[in-house]
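For reference, the structure is listed below as structure tokens.
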Amino acid sequence: MEAAYEIWEGDVENAVDVPQAFVAPVQLGLAQPSTPSDAEVVWHNQTHLPYEPWCTSCQAGKARGHYHIKVPPSEMALPIVQCDYTFWSNEGLALKSDVVVIDKDRAATSLTCYDMKTGFSLAIVFKKKGPIGYAVASVGYFLEQLGHSHLVLRGD
Ligand SMILES: [Zn+2]
């Protein structure tokens with residue numbers, strides 16, 4: 001059996017009484033984000049879903065302020081996903097639908113979808129409105145990844 005004491009050879013002012021029954025707590029390290037492969041990064045950058053701690057865009061998106069919603073998510077009967085088009089001029093300005101646009105065909109179009117319950121969003125840029133294959137697939141994947149069994153899809 002070990003002795004119940006040890007001989008302290010340092011300065012008395014620096015000595016600390018440690019009870020013999022003291023057991024140092026196990027120190028847990030913080031979870032470290034994994035390093036994704038190049039293929040995982042390319043795939044993730046399509047929609048940024050699900051959230052990945054190694055993605056700086058996901059981190060920046062989560063760093064936003066409070067969401068400005070009227071109905072708290074806990075009170076929503078069904079999750080609402082809002083989708084809307086935005087038209088961009090060649091100068092990078094968003095064009096309102098009530099503004100006369102001389103050269104609308106040259107403006108880029110984006111479709112944004114926003115899940116009011118989770119705050120996740122999607123933005124797709126394409127040349128013009130319509131059922132474009134990759135846009136339809138991206139929205140489908142986005143809705144699938146949200147994980148809602150039922151939802152309200154709202155657009156104008
Ligand atoms: Zn991301």
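The values are calculated or read from the model by the stated rules, or taken from the named source; none is laboratory data. Keep in mind that what you see is a predicted model, and the values were worked out from it rather than measured. Positions of Cβ are backbone-derived with ideal geometry, glycine not excepted, and every protein chain shown enters the neighbour counts.
Scan segment 115-125 residue by residue and report those that are surrounded by 15 or more Cβ atoms within 10 Å (Cβ to Cβ) and in a strand (DSSP E or B). Asp115, Ser121, Leu122, Ile124, listed by residue number. Note on segment 61-83: among residues that are part of a helix (DSSP H, G or I) and either surrounded by 10 or more Cβ atoms within 10 Å (Cβ to Cβ) or modelled with pLDDT of 90 or more (or both), the one that is nearest to the ligand (Cβ to nearest atom) is Gly61.
Looking at segment 120-138 only, could you name the residues that are out of contact with any Leu (no Cβ under 9 Å at 6 or more places or on another chain), within 25 Å of Gln59 (Cα to Cα) and among the hydroxyl-bearing types (Ser, Thr, Tyr)? The answer is Ser121, and nothing else.
For segment 94-109, indicate whether the set of residues that are under 23 Å from Thr47 (Cα atoms), modelled with pLDDT of 90 or more, surrounded by 10 or more Cβ atoms within 10 Å (Cβ to Cβ) and hydroxyl-bearing (Ser, Thr, Tyr) is non-empty. Checked against the condition, which is being under 23 Å from Thr47 (Cα atoms), modelled with pLDDT of 90 or more, surrounded by 10 or more Cβ atoms within 10 Å (Cβ to Cβ) and hydroxyl-bearing (Ser, Thr, Tyr), segment 94-109 yields no hits at all. Looking at Glu2, is it at pLDDT 85 or above, charged (D, E, K, R) and in a loop (DSSP other than H, G, I, E, B)? So Glu2 fails the test. Within segment 126-145, the set of residues being loosely packed, with under 12 Cβ neighbours inside 10 Å, part of a loop (DSSP other than H, G, I, E, B) and among the charged types (D, E, K, R) comprises Lys127, Lys129.
Taking first residues from segment 21-50 that are without any contact (Cβ under 8 Å) to a residue 60 or more places away in the chain and basic (Lys, Arg) and partners that are within 16 Å of the ligand (Cβ to nearest atom) and part of a helix (DSSP H, G or I), no Cβ contact under 7 Å between residues at least 6 apart in sequence or on separate chains turns up. Consider segment 42-59 and keep the residues that are within 9 Å of the ligand (Cβ to nearest atom) and hydrophobic (A, V, I, L, M, F, W, C). The one that is farthest from Ser121 (Cα to Cα) is Trp54.
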